[in-house]
Amino acid sequence: MTSDVDATAPKYLRDKYAIIGVGETTYTRGSNLTTRALGTWAVRNAMEDAGIPASEVDGMMSYSNNDSTPSPMIAGDLGIRLNFYMDVYGGGSSSEALIGLAIGAIEAGMCNTVVVFRSMNGYSQVRIGGTGARARAPIGGDAVHTAPYGWFSAGQNFSPSFMRHMYDYGTTPEQVAMVKVIHSEHASNNPKAYYKQRVTVEDVLNSRMIVKPLHLLDCCVETDNATAVIVTRAERAYDYRNTPARILAVAGRVCKPRIDMHFQHGPISTVAGYYIKDIIWPNAGVGPEDIDLTGAYDAFTFTSMLQLEDYGFCKKGEGGDYVSSGIMRLGGERPNNTSGGHLCEGYTHGMNMIIENVRQLRGEVDCYCPTDDQGRRQHTYDYSEGGCRQVRDANISMNLGWAMPGTGSSLVMRKG
Amino acid sequence: MPEGEYRGMNLTILDVDHENTAYFGYCAGHDFHLQQCTACGLLRYPPGTACPWCQNREFEWTAVEGKGTVHSYGEVHQAIQPQFREKAPYMILIVDLDTQKGQPSEHEALRVAGNLATPDGDLAPPELVKRVGIGSRVRMVFADVAEGLSLPMWTLDEDAEQPDEPWRYPQEYNGV
């Protein structure tokens, strides 16, 4: 089967934009703060990271599921006068898409430098699955084909796609559990991670069943947090404090056919990455073999696997082998989610995986390695527990953002 | 306006939503109908406002046989809503209808969602859940919610030839 995606988008923005600053709050379960306070904290940290004054930030974008605070409040608190802002509805995979839209806004001459943020009390206020006030809201129209079947949470929604992959390709629970095992190893070297404990395949398979094929430890950790990245033109990027991460290409919220109910168009074990790959690779000018590290969205263990497979990091159907082979491990050929990702560091709708890759490309991830008298990390590349998580010679990274099986986004960056 | 309470949820179909009002109205008569495009003749699910294959907005409601094969499923062990908790584990089935399977392209089908249910439309007990997996033959039944509003459900088709062993997730949990 060949894709009919038009991959002829102009390439002239390749390498023309960069991420100059990244920041986040701590990851907690019970922030005791508003999303406004969290958002301000993360944006402020990203500005500090870049060393950019408020007077040089003039664009702001955010996404949420109506569980956040819009840009004007954050900008107002930080004394930022905006030439452009837009707050959109959306969850996972919006991070990469909004970085693309930020490039578009700057390219159109609307503004110069855009902060993209996500702020969420994802544990203490609005949890996955629609409990509390959301459960009492009337269910109408199109949702009557799903919600009354006890089919609302992300895990419930995605489970038929995951199950069918096991049926189609013989993928085993043990293979998929390795995603969590490896991400937990990475998290054990991340002081910021909510879960730093290393786990085994047995731990995953013995954890309680949520919705087959997902055990508790196949699911990400809901946390309260905010996250932010700052995008500007490459030629301005070197005016700031840190080495920029140059953007080679972005693909945003690419869909499978019949996105109204994507199961109508099979194979249902194929995800949006199948279509994204035909946009992102030509536009970035690189291929899977050029990527040093990935950030494959891990709302669940399965989401990392399905995406890596459809983007072409392995043959279709061999995702189980890929994720259990050690390739994705620190020290392996192409580490994935070196912060521990959503499964261990904290659930952020994808932002923390972009932040992590920016730091990796700078060669400056925060791990347990010693620092010199300038405060610079002296990486040991010893990936044992409580050690290093810096990838050696990290030059090109890819983020594989996920909304659902039928929708995803991608971002390829290089060391600046 | 079809409206009713089902397992703690307030289901409401607005009058202006003509497609869903008609669809659930047929279901209320325990009769399964889908929209059939008047131009290309293809059926579609779920109800929509144009033909996804030829963009024609005109359609006719056509009776469709509620029989098919389980294409995939999820099996919820930790339910979210209280009124599902007492019924867990429950299955969410994606069923390939026999009608129009593999059309208009190889991997397409009318894939109709529903829970695995008893013949009277209640959520299936664990003994039934254990017997159903990918490849199981199922037939449509209905759960009545309110006047003008019933939900399609799936039950094991006891009259059909079943696979020797339908494909189920390899790990049992709480005996299921």
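Taken together, the values in this text are just the output of simple stated rules run on the coordinates, not laboratory data. Given the structure is predicted, the values throughout are model-derived calculations rather than measurements. Here Cβ is always computed from backbone atoms with ideal geometry, including for glycine, and neighbour counts include all displayed protein chains.
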**Prompt:** Most fluctuating residue of B:H71, B:H107, B:H30 in a GNM of chain B with Cα springs under 10 Å: which is it?
**Reply:** B:H107
**Fill in**
Partner shielding of B:104-113, as the mean number of partner chain Cβ atoms within 10 Å, equals 5
**Request:** With everything on Cα atoms, drop me the angle between helix B:18-28 and the longest principal axis of chain B, reported from 0 to 90° to the nearest 10.
**Result:** 50 degrees
**Asked** What is the antiparallel percent of DSSP beta bridges lying wholly in chain A, to the nearest 5?
**Response** 75 percent
**Request:** Classify region A:128-224 as rounded, prolate or oblate, taking a ≥ b ≥ c as the square roots of the eigenvalues of its Cα gyration tensor: rounded when a/c is under 1.5, otherwise prolate if a/b is larger than b/c and oblate if not.
**Result:** oblate
**Request:** Calculate the dipole size of region B:3-156 relative to its Cα centre from +1 charges on Lys and Arg beta carbons and -1 charges on Asp and Glu beta carbons; express the result in debye to the nearest 20.
**Result:** 600 debye
**Asked** Can you tell which of B:N115, B:N20, B:N56 shows the greatest fluctuation in a Gaussian network model of chain B with Cα springs below 10 Å?
**Response** B:N56
**Prompt:** So, with +1 on the Cβ of K and R and -1 on the Cβ of D and E, and no other charges, what is the size of the charge dipole of the protein assembly as shown about its Cα centre, to the nearest 20 debye?
**Reply:** 1520 debye
**Request:** Rank A:C111, A:A403, A:I74 by how far each Cα sits towards the positive end of the charge dipole of chain A (+1 on Lys, Arg Cβ; -1 on Asp, Glu Cβ) and give me just the farthest.
**Result:** A:I74
**Shielding by partners - mean other protein chain Cβ count within 10 Å, residues of A:263-274** = 4
**Message:** Averaged across A:155-163, how many Cβ atoms of other chains sit within 10 Å of each residue's Cβ atom?
**Reply:** 6
**Interchain or long-range residues, amide H under 5 Å from B:G114's placed H** = B:L93
**Request:** Step through the residues of region A:254-261 one at a time and calculate ³J(HN,Hα) from phi using the Karplus curve (6.51 cos²θ - 1.76 cosθ + 1.60, θ = phi - 60°), rounding each to whole Hz and writing x for Gly and Pro.
**Result:** 7, 10, 6, x, 6, 5, 5, 7
**Prompt:** Taking H as built 1.01 Å from N, whose amide H comes closer than 5 Å to the amide H of B:A143, not counting residues under 5 places away?
**Reply:** B:L151, B:M153
**Request:** Name every cysteine in chain B that ends up alone, with no second cysteine's Cβ under 4.7 Å, or say none.
**Result:** B:C27
**Item:** Positive-end extreme of charge dipole, region B:3-156 - chosen from B:L116, B:V95, B:P126 (charges on Cβ)
**Value:** B:P126
**Message:** Shape verdict for region B:3-156, please, from the Cα gyration tensor: rounded (a/c under 1.5), prolate (a/b greater than b/c) or oblate.
**Reply:** oblate
**Message:** Nearest 500 deg cm²/dmol is fine: what mean residue ellipticity at 222 nm does chain A get from its DSSP H runs of n ≥ 4 alone, each adding -39,500 (n - 2.57), divided by its residue count?
**Reply:** -9000 deg cm²/dmol
**Request:** For B:A160, list long-range residues whose amide hydrogen, built 1.01 Å from N in the peptide plane, is under 5 Å from its own amide hydrogen.
**Result:** none
**Request:** Could you sort A:166-172, B:169-175 so that the peptide with the highest average Cβ count within 10 Å comes first and the rest follow in order?
**Result:** A:166-172, B:169-175
**Request:** Would you be so kind as to identify which of A:V144, B:T62, A:C314 lies farthest towards the positive end of the dipole of the protein assembly as shown, taking Lys and Arg as +1 and Asp and Glu as -1 on Cβ and the Cα centre as origin?
**Result:** A:C314
**Item:** Rounded, prolate or oblate (a/c below 1.5 giving rounded, otherwise prolate when a/b exceeds b/c) for chain A by Cα gyration tensor
**Value:** rounded
**Request:** List, in order, the whole-Hz ³J(HN,Hα) value for each residue of region A:78-92 obtained from phi through the Karplus relation with A = 6.51, B = -1.76, C = 1.60 and θ = phi - 60°; use x for Gly and Pro.
**Result:** 9, x, 9, 8, 9, 8, 7, 8, 7, 10, 10, 7, x, x, x
